[in-house]
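Have a look at the structure below before the remarks.
The values are calculated or read from the model by the stated rules, or taken from the named source; none is laboratory data. In this text, all values refer to a predicted model and were calculated from it rather than measured experimentally. Note that each Cβ is placed from the backbone with ideal geometry, even for glycine, and that neighbours are counted across all protein chains shown. When the accessible area is computed, the model is the full protein with side chains, heavy atoms only, and any ligands, DNA or RNA have been set aside. Shrake-Rupley method; radii C 1.70, N 1.55, O 1.52, S 1.80 Å.
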Amino acid sequence: MQKHNFSAGPSILPREAIEATAQAVLNFNNSGLSVMEVSHRGKDFDAVMIEARSLVKELLSVPDGYSVLFLGGGASLQFCMVPFNLLEKKAAYLNTGTWASKAIKEAKAFGEVVEVASSKDANFSYIPKNYTVPEDVDYFHITTNNTIFGTELHDDPRVKSILVADMSSDIFSRPVDVARYGVIYAGAQKNLSCAGVTLVIVRDDILGKVSRHIPSMLNYKVHIENDSMYNTPPCLPVFTALQTLKWIKSNGGVAGMQQRNEKKAAVLYGEIERNKLFKGTAAVEDRSLMNVCFVMNDEYRDLEKDFLEFAQSKGMVGIKGHRSVGGFRASIYNAMPQESVQALVNAMKEFETKH
Ligand SMILES: *Cc1c(COP(=O)(O)O)cnc(C)c1O
């Protein structure tokens with residue numbers, strides 16, 4: 001049976017990226033060697049790193065003065081690397097969910113943290129709007145897509161301070177005005193590659209301003225000066241990232257991704273609204289195009305387990321909701337085809353007629 005992979009992360013990747021990776025694992029560039037067993041400093045892998053970096057710049061129209069890094073440690077390491085490099089006295093954070101809360105927790109070890117707003121009071125079901133960012137902060141941190149709660153910032157905020165964004169679960173899903181950001185980071189395993197690499201885009205002139213000593217591996221400058229090869233980079237995840245970037249480019253770039261994503265999300269949210277059994281959990285204007293969270297309507301609560309089993313029997317994978325929201329979560333990242341979304345919608349319709 002065909003599987004429809006709605007997993008939240010690690011998650012679906014373009015078939016082409018997986019096949020190209022499988023091929024390179026067996027025989028990289030017809031070298032007779034695996035991409036896993038060649039030097040990261042050899043010319044074949046060096047070309048992968050260079051092309052990946054340049055495609056990131058091309059796809060997101062990264063302006064001059066920014067560096068693109070591929071680092072280890074996951075997005076979670078960035079929760080501490082960002083304040084390590086940028087927080088001298090005070091930083092501001094917008095608390096929109098579990099990941100934002102974790103970022104806040106780490107920053108508190110480095111200086112004063114101002115939580116400018118939080119939607120915790122409503123289980124992070126919306127994005128706070130009317131907040132002010134103090135002018136004297138070293139940076140302001142946001143999470144553009146809240147993977148667990150299914151909310152998303154649909155525009156790049158305009159603020160006076162340096163803007164830092166965790167874009168782990170919506171990077172490359174829409175055009176981004178990179179010039180508004182000081183740092184953008186994203187763990188790869190949602191929209192870019194397999195787990196093991198983190199993309200960081202950083203504006204060079206914001207670095208070197210804190211007074212503390214920064215250990216080499218946590219220092220953006222060290223990684224910039226060494227072209228992400230200060231130590232051995234996660235070679236295979238970088239290779240897969242390059243294949244995904246090529247796939248994005250040949251499918252209309254990030255604008256093309258946005259069109260596809262809007263269409264997919266509209267179909268699924270439309271069905272959630274129409275179907276008497278289900279309701280969405282996120283505020284309509286803040287609904288994520290990547291992670292669609294929904295639950296059974298109150299009078300059908302006892303059908304939750306049945307629907308999960310029914311959906312699984314139709315090939316749906318990974319739609320069980322995160323424990324902090326319950327119900328269901330369908331992650332419909334870039335690589336998710338329209339047909340899989342339609343298959344889920346069909347299952348929802350069929351389940352409705354049975355009840
Ligand atoms: C998954 C996720 C993370 C954590 O990523 P790791 O690579 O596991 O550290 C952080 N932020 C967001 C928004 C995520 O979706």
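Which one of these is within 16 Å of the ligand (Cβ to nearest atom) and either open to solvent by 50 Å² or more (accessible area, probe 1.4 Å) or within 22 Å of ASP166 (Cβ to Cβ) (or both): VAL197, VAL222?
Values: VAL222 fails: within 16 Å of the ligand (Cβ to nearest atom).
Among VAL197, VAL222, only VAL197 is within 16 Å of the ligand (Cβ to nearest atom) and either open to solvent by 50 Å² or more (accessible area, probe 1.4 Å) or within 22 Å of ASP166 (Cβ to Cβ) (or both).
Can you tell me which residues in the range 266-293 are of a type in the set (A, V, I, L, M, F, W, C) and within 14 Å of ASN145 (Cα to Cα)?
At the first step, the residues of the range 266-293 found to be of a type in the set (A, V, I, L, M, F, W, C) are 266-268, 272, 277-278, 282-284, 289-290, 292-293.
Answer for the range 266-293, where residues must be of a type in the set (A, V, I, L, M, F, W, C) and within 14 Å of ASN145 (Cα to Cα): ALA282, ALA283, LEU289, MET290, VAL292, CYS293.
Do we find a residue being of a type in the set (D, E, K, R), surrounded by 22 or more Cβ atoms within 10 Å (Cβ to Cβ) and at pLDDT 95 or above anywhere in the range 254-265? Walk me through it before giving the result.
Pass one, the range 254-265, residues of a type in the set (D, E, K, R): 260, 262-264.
With the extra rule that they be surrounded by 22 or more Cβ atoms within 10 Å (Cβ to Cβ), the set shrinks to 264.
Keeping just the survivors that are at pLDDT 95 or above gives 264.
Within the range 254-265, one or more residues are of a type in the set (D, E, K, R), surrounded by 22 or more Cβ atoms within 10 Å (Cβ to Cβ) and at pLDDT 95 or above.
Looking at this structure, is VAL35 under 30 Å from THR98 (Cβ atoms) and more than 16 Å from the ligand (Cβ to nearest atom)?
Working: under 30 Å from THR98 (Cβ atoms): no; more than 16 Å from the ligand (Cβ to nearest atom): yes.
The answer is no for VAL35.
Inside the range 268-304, can you point out the residues that are surrounded by fewer than 17 Cβ atoms within 10 Å (Cβ to Cβ) and under 24 Å from the mean Cα position of the chain (by Cα)?
Listed by number, the residues that qualify are GLY270, ALA283, VAL284, GLU285.
Need pairs with beta-carbon distance below 7 Å; first residue at positive phi and within the range 12-32, second at pLDDT 95 or above; sequence gap 6+ or separate chains.
Going by the 7 Å Cβ cut-off, the qualifying pairs are ASN29/ASP44.
For the subset of the range 52-76 comprising residues that are within 11 Å of the ligand (Cβ to nearest atom) and open to solvent by 40 Å² or more (accessible area, probe 1.4 Å), which member is nearest to TYR185 (Cα to Cα)?
Step by step, filter the range 52-76, then rank; the result is SER76.
Tally time: how many residues in the range 172-190 are assigned to a loop (DSSP other than H, G, I, E, B) and either without any contact (Cβ under 8 Å) to a residue 24 or more places away in the chain or in contact with a strand residue (DSSP E or B) (Cβ under 9 Å, 6 or more places away or on another chain) (or both)? Explain how you work it out, then say what you get.
Quick first cut of the range 172-190, residues assigned to a loop (DSSP other than H, G, I, E, B) only: 172-177, 181-182, 188-190.
Checking the rest, the ones that are also either without any contact (Cβ under 8 Å) to a residue 24 or more places away in the chain or in contact with a strand residue (DSSP E or B) (Cβ under 9 Å, 6 or more places away or on another chain) (or both) come to 172-173, 176-177, 181-182, 188, 190.
Final tally of qualifying residues: 8.
Could you list, ordered by first residue, the pairs with Cβ atoms under 6 Å in which the first is in the range 289-315 and closer than 16 Å to HIS355 by Cα and the second is of a type in the set (Phe, Trp, Tyr) and surrounded by 13 or more Cβ atoms within 10 Å (Cβ to Cβ), at least 6 apart or interchain?
The qualifying pairs are PHE307/PHE351; PHE310/PHE351.
Could you tell me whether any residue of the range 120-128 is within 10 Å of the ligand (Cβ to nearest atom), surrounded by fewer than 17 Cβ atoms within 10 Å (Cβ to Cβ) and part of a helix (DSSP H, G or I)? Give the steps one after another, and end with the answer.
Kept after step one, since they are within 10 Å of the ligand (Cβ to nearest atom), are these residues of the range 120-128: none.
Among the residues of the range 120-128, not one is within 10 Å of the ligand (Cβ to nearest atom), surrounded by fewer than 17 Cβ atoms within 10 Å (Cβ to Cβ) and part of a helix (DSSP H, G or I), which makes the answer no.
Taking ILE12 as meeting all but one of (1) within 22 Å of SER169 (Cα to Cα); (2) out of contact with any Phe, Trp or Tyr (no Cβ under 7 Å at 6 or more places or on another chain); (3) not in a helix (DSSP H, G or I), write down the number of the exception.
Condition not satisfied by ILE12: (2).
Go through the range 77-113 and give me each residue that's within 16 Å of the ligand (Cβ to nearest atom), touching a helix residue (DSSP H, G or I) at 6+ places or on another chain (Cβ under 7 Å) and closer than 20 Å to THR144 by Cα.
At the first step, the residues of the range 77-113 found to be within 16 Å of the ligand (Cβ to nearest atom) are 77-84, 93-107.
Going one step further and asking which of them are touching a helix residue (DSSP H, G or I) at 6+ places or on another chain (Cβ under 7 Å), we end up with 79-81, 83-84, 93-95, 102-103, 106-107.
The answer is PHE79, CYS80, MET81, PRO83, TYR93, LEU94, ASN95, LYS102, ALA103, GLU106, ALA107.
Quick check, is PRO237 in contact with a strand residue (DSSP E or B) (Cβ under 6 Å, 6 or more places away or on another chain) and not hydrophobic (A, V, I, L, M, F, W, C)? Steps first, answer last, please.
Numbers: in contact with a strand residue (DSSP E or B) (Cβ under 6 Å, 6 or more places away or on another chain): no; not hydrophobic (A, V, I, L, M, F, W, C): yes.
Criteria not met by PRO237.
Can you pull out the residues in the range 258-273 that are under 17 Å from LYS190 (Cβ atoms) and out of contact with any helix residue (DSSP H, G or I) (no Cβ under 6 Å at 6 or more places or on another chain)? Spell out the reasoning first.
Quick first cut of the range 258-273, residues under 17 Å from LYS190 (Cβ atoms) only: 258, 260-261, 264-265.
Scanning the range 258-273 gives GLN258, ARG260, ASN261, ALA265.
Restrict the check to the range 132-145 and report whether at least one residue is of a type outside the set (S, T, N, Q) and within 15 Å of the ligand (Cβ to nearest atom).
Kept after step one, since they are of a type outside the set (S, T, N, Q), are these residues of the range 132-145: 133-142.
Add one more test, that the residue is within 15 Å of the ligand (Cβ to nearest atom), and what stays is 141-142.
Yes, the range 132-145 has at least one match.
Could you tell me whether the range 41-51 includes any residue that is within 13 Å of the ligand (Cβ to nearest atom) and either outside any helix (DSSP H, G or I) or open to solvent by 60 Å² or more (accessible area, probe 1.4 Å) (or both)? Break it down into steps so the answer makes sense when it comes.
Quick first cut of the range 41-51, residues within 13 Å of the ligand (Cβ to nearest atom) only: none.
For the range 41-51, residues within 13 Å of the ligand (Cβ to nearest atom) and either outside any helix (DSSP H, G or I) or open to solvent by 60 Å² or more (accessible area, probe 1.4 Å) (or both): absent.
One line per residue, one yes/no per condition, for (1) crowded, with 19+ Cβ neighbours inside 10 Å; (2) charged (D, E, K, R):
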site	(1), (2)
ASP155	no, yes
SER161	no, no
VAL164	yes, no
SER169	yes, no
PHE172	yes, no
PRO175	no, no
ALA186	yes, no
GLN189	yes, no
LEU192	yes, no
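Which ones in the range 162-171 are assigned to a loop (DSSP other than H, G, I, E, B) and more than 14 Å from the ligand (Cβ to nearest atom)? Show your work before the answer.
Step one: of the range 162-171, the residues assigned to a loop (DSSP other than H, G, I, E, B) are 162, 167-171.
The answer is ILE162, and nothing else.
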